[in-house]
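Please treat every number below as a calculation from the coordinates, not as lab data. Values in this document were obtained by computation on a predicted structure and should not be read as measured data. Counting neighbours? That spans all protein chains shown, and the Cβs are built from the backbone with ideal geometry, glycine included.
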Amino acid sequence: MRTLRKTIVITFVALAVVLFCSFIALDPYYYNTRPREPHPESGRIYRERVKGGAGVADVYLTRTEKLPYDYGTWILNTYLLLFATAVLLNQRWKVIRNPREDKPKKLY
């Protein structure tokens, strides 16, 4: 049972981190790889303002590529929910322990 609980907590944390990092990585990726003018033949007709290493640019995305921006609030709320659930489950189950808890307290 302890292994299952540990697996659940670690899975929630890993999903939260992957979701957050992939959402943050979209702007620089699109900044460097997407066209600055619409390309109707490839379906890149949806304008989105993204930030990259050199500044801000308007790039044109397909409908599918634009979905994370349309649902950004939901994505970030899901990240927060996954992370908070992992923290609360870990507090209840104590499957990931702080190594400093096992050390004796220093006397001053």
Mind listing whichever residues of the range 23-37 are in contact with a helix residue (DSSP H, G or I) (Cβ under 9 Å, 6 or more places away or on another chain) and part of a helix (DSSP H, G or I)?
PHE23, LEU26, TYR30
Would you point out the residue of the range 64-108, among those that are aromatic (Phe, Trp, Tyr) and over 14 Å from the mean Cα position of the chain (by Cα), that is surrounded by the most Cβ atoms within 10 Å (Cβ to Cβ)?
TRP93
Filter result for GLU41 (more than 30 Å from ARG5 (Cα to Cα), of a type in the set (Asp, Glu) and within 18 Å of the chain's Cα centre (by Cα))
no
So which residues in the range 1-20 are of a type in the set (A, V, I, L, M, F, W, C) and surrounded by 11 or more Cβ atoms within 10 Å (Cβ to Cβ), if there are any at all?
ILE8, VAL9, ILE10, PHE12, VAL13, ALA14, LEU15, ALA16, VAL17, VAL18, LEU19, PHE20
Tally, over the range 27-59, of residues that are surrounded by 15 or more Cβ atoms within 10 Å (Cβ to Cβ) and either closer than 17 Å to THR78 by Cα or free of Cβ contacts under 8 Å to residues at least 12 places away in the same chain (or both):
0
